[in-house]
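Take a look at the structure below.
What follows draws every value from the coordinates through simple rules; no lab data is involved. Owing to the predicted nature of the structure, the values given are computational and were not obtained by experimental measurement. Glycine also receives a Cβ, built like all others from the backbone with ideal geometry; neighbour counts cover every protein chain displayed.
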Amino acid sequence: MSGPSQDELAGLDGLGASSGRTGSNAPTIVVEKAPEPRAPEGRTIAQRPTTQDRAFVLTARGAAVSTLVIMLLIGVFLTLGAMPAFRQQGFGFLLENEWLPEAGNFGIASLLWGTFVVGLIALVVGFPIALGAALFISEFAPRSLKKALITLTDLMAAVPAVIYAIWALFFLQEQLLGVAQWLSTTLDGPLGFLAVAVPDSPSSYTSSAFIAGVAVGVVIIPTMTSVMREVFSQAPVGEREGAIALGATRWGMIRAVVLPFGRAGIIGGTMLGLGRALGETIVVFAIISPVFDFTTNPLESGTNTIAAHIAIRYSESSGIALAGLLGAGLVLFFFTLTINTLAGIVVSRSRSGAATEI
Amino acid sequence: MTTVSGLPGQSSPPVGSAPVLTKVDPDAPRHRVAAGPPVQKAPPAKRFGGIDAELGQHAVLSLIGSVSVAWLLYENLLPTSGAIGFWLLAYALFLGFFGVISATTLDREGVVDRLIGAVVSTAGLVMVAALGGIVLFTFLRGKGALANLNFFTETMALYGPDAPLDKGGIYAAMIGTFEQVAISVVVSVPLGIATAVYLSEVRGKLARLVRIVVEAMTAVPTIVAGLFIYALVLIQLGRDGSGFAAALALSVSMIPVVTTTAEVVLKLVPNGLREASLALGTTQWQTVRKVVIPTARPGLVTAVLLGVARVIGETSPVLLVAGFTNELNYNAFSGPQLSLPLYVFNGLRQPFDVAIERAFGAGIVLLSLVVIFFALARIIGGRAPGEMSRRQRKKINAQMAALATSTSQEDPR
């Protein structure tokens, strides 16, 4: 950070405001008649903001505070709304895997598990592609292509989730059925839980956690790519040149300089992607057929996640059931907040090391 | 060992061009040291990042070989697994062949380098192909709906979901999207930009906390934003779902986007301009209004457009709080209101092919809107963030000159 600090600016401001006519904005230049040294008790420079300035600072601060308040309100309203459910279920809310609010028995254990499974599959699919794409853009792509690719990544991040959802539902799912079937029939020996009831029917494999996970994986690729790419591109030029001067190949240079330097970016970007994956609603909602049970076989039809569950059930819920949904939303809020804050810390740490330029 | 194309004495790269990486080309093939006397050949002029003839030859040969062998194997071994299986097999074969062919001329390091290059380039290609595939697929499936003009001028109020394509359309959804996005712009742009000004100009004690919270806010899942408005407006205040409630939910997503982008843009304003302005005796407010904001204006417009592009397609918050209707509703403040994402989402769950085609049609419209706003943001914002075009600099200089003359003439009040 270069540039004047707040105090310096305030001092400069005070210089204008306190010299001569108060309240005047015209520059006042005090011309010293003789270069004789001034007595130390000369004039003190103090900030005396004008009314206008005070109003300006108050308005800006008000806006900042209201942003804080909105965030606070989200937490408060979700907590207040979810209180009845928490009070009734206690810790059972996190441990119960039924959703029968009318019978007084509900919890989000299987939802948490489903969210975790879908998020994990999304990472397994998205991470290698995102890492490769980030390396390609920052290290391999020709200069002329680089800018276009960066724009394309940003654009892909801006494509609405509902577009991913129709694409996944009508295109990706069809393509993946064969893969799911092959995985299931080939691996059911060593991994018995992957076997499905009717292995020959493609419909055994539709609407599964696997397909939802792959679709969400595509959704989070641009998020992860852009974070990783940015950190890679900050790898110090001097060390890159050093590696190449020692005879390293391009990959040797990447392995010795770019990857160690960008490790925090890889971790942080992946966590940001995970946060996005956990909160993804529409894509999952469009694909899965909701089942309120632990997803033991991700290849088999039927699973559920917190976000999709909220979107599916909100309209038919009231009273304690709605409180339960708000509770589920609060848990999701808490999880994504934690993951993203950690990711932010990791990424910003990596940036602070960027000063090793030669 | 390596072909060094940038020996001292050779032309140095032009000033201001890419990092000095150009001097030693990591692309240069790492040839095995031949036993006999090395053949002296003048190295052909090479561009950094280019593909030399040998690499291209090897890649094409491996590609042809792998696809042929994969086809042969696939016909005999696994006839059922669809296109994905075929391409995965072909790709694995390609890497194998490519490695073996490269090993005929390169040492181990060189082969590894080439293989990694191939894998990484594939990942980039997959990402581009995924985006291209999504856009192309949406367009192909939805273009039939767009061909009828009534798609843009009629609503579905009078027709069922199985109505033919020349009946009904997305007019109500477009109106809803327009109004909801407009309201959320009105709510979140002043708030977002004022917060950014606070973070970058006022920089009070709260700044650190606010920055952390705004960053956290970008991470709030949209469904949680929707749930928050649902709990606040529909439950606590007892109102029905409306376009306004949807706009509020969108604002929760939009504020952090506008704030973070605007803060970055404001930080790009050179400090010299602020100092020069303050040195002329202006107040802080005058500096912000006449120097900082005008300098950053294109970037601020970009911030707004990016915010719009981000929220225009949000579905989950709207799903929760906008209610559902097929009727045209101009009044965002009362009664349920349709919007484009909601229209797409409802369409894709219908069992009728025409309804799905209409959903894809609405998807094209939505995608086009996102691309338009995105492109506008890029064009108005100029270069990638962090760079200022020469024109922008010139403009700033002109503005500063104008400012200097105007302050001297301005009525001191």
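Between A:SER208 and A:GLY302, the built amide H atoms are under 5 Å apart, and every one of these is 5 or more places off in sequence or on another chain. Whole-Hz Karplus values for the range B:313-327 come out as x, 5, 10, 4, x, 5, 4, 6, 10, 8, x, 9, 7, 9, 6 Hz, taken residue by residue from phi with 6.51 cos²θ - 1.76 cosθ + 1.60 and θ = phi - 60°; glycine and proline positions read x. Near the amide H of A:ASN105, within less than 5 Å, lie the amide hydrogens of A:LEU100, all on another chain or at least 5 residues away, with H placed in the peptide plane. Averaged over the residues of peptide A:124-137, the number of Cβ atoms from other protein chains lying within 10 Å of each residue's Cβ is 4.
Using alpha carbon centroids, what distance separates the range B:206-275 and the range A:185-231, in Å? So the separation of the two Cα centres works out to 33 Å. Each of A:PHE170, A:PHE127, A:PHE210 has some number of other Cβ atoms within 10 Å of its Cβ, and from fewest to most they run A:PHE170, A:PHE127, A:PHE210. Assuming charge only on the beta carbon of Lys and Arg (+1) and of Asp and Glu (-1), the dipole of the range A:209-358 about its Cα centre is about 380 debye to the nearest 20. Considering only B:VAL120, B:SER68, B:LEU93, and ranking their Cα positions along the charge dipole of the range B:65-218 that arises from unit charges at the beta-carbon of Lys, Arg, Asp and Glu, the one farthest toward the positive end is B:VAL120.
Amide hydrogen proximity for A:VAL291: with H placed 1.01 Å from N in the peptide plane, the residues at 5 or more positions away or on another chain lying under 5 Å are A:THR303, A:ASN304.
When the charge dipole of the range B:253-382 is built from unit charges on Cβ atoms (+1 for Lys and Arg, -1 for Asp and Glu) and taken about the Cα centre, the candidate among B:ILE380, B:GLN350, B:VAL291 whose Cα reaches farthest toward its positive end is B:VAL291.
Report, in listed order, any pair from A:LYS146/B:LYS395; B:LYS267/B:LYS290; B:LYS143/B:LYS167 with a Cα-Cα distance greater than 23 Å. Long pairs (Cα-Cα over 23 Å): A:LYS146/B:LYS395.
Projecting the Cα atoms of A:ASN340, A:ASN297, A:ALA323 onto the charge dipole of the range A:261-358 (Cβ charges, centred on the Cα centre) puts A:ASN340 farthest toward the positive pole. Prolate is the label for the range A:126-242, because the ratio a/c of its alpha-carbon gyration tensor axes (a ≥ b ≥ c) is 1.5 or higher and a/b is greater than b/c.
The 3J(HN,Hα) values that the Karplus relation (6.51, -1.76, 1.60; θ = phi - 60°) gives for the range B:264-279 are, in residue order, 4, 5, 5, 5, 6, 5, x, 5, x, 5, 4, 5, 4, 5, 5, 5 Hz. Gly and Pro appear as x. For the range B:124-210, the relative contact order comes to 17 percent (Cα pairs under 8 Å, sequence separation of at least 6).
Taking a ≥ b ≥ c as the square roots of the eigenvalues of the alpha carbon gyration tensor, the range A:197-355 is oblate, as a/c is not under 1.5 and a/b does not beat b/c. Around the Cα centre of the range B:108-246, unit charges on the Cβ atoms of Lys, Arg, Asp and Glu (plus for the first two, minus for the last two) sum to a dipole of about 460 debye.
3J(HN,Hα) along the range B:289-303, derived from phi through the Karplus expression 6.51 cos²θ - 1.76 cosθ + 1.60 where θ = phi - 60°, amounts to 6, 9, 10, 5, 5, x, 5, 8, 3, x, x, 5, 4, 4, 4 Hz, with x in place of Gly and Pro.
Shape class of the range B:237-328 from the alpha-carbon gyration tensor: prolate, with a/c at 1.5 or above and a/b greater than b/c. Each residue in A:ARG229, B:ARG358, B:ARG239 was given a count of other beta-carbon atoms within 10 angstrom of its own, and listing them fewest first yields B:ARG239, A:ARG229, B:ARG358. Put in order of Cβ neighbour count within 10 Å, fewest first, the listed residues B:THR155, A:THR305 become B:THR155, A:THR305. Our summary gives the range B:120-174 a relative contact order of 28 percent, counting only alpha carbon pairs under 8 angstrom and 6 or more residues apart.
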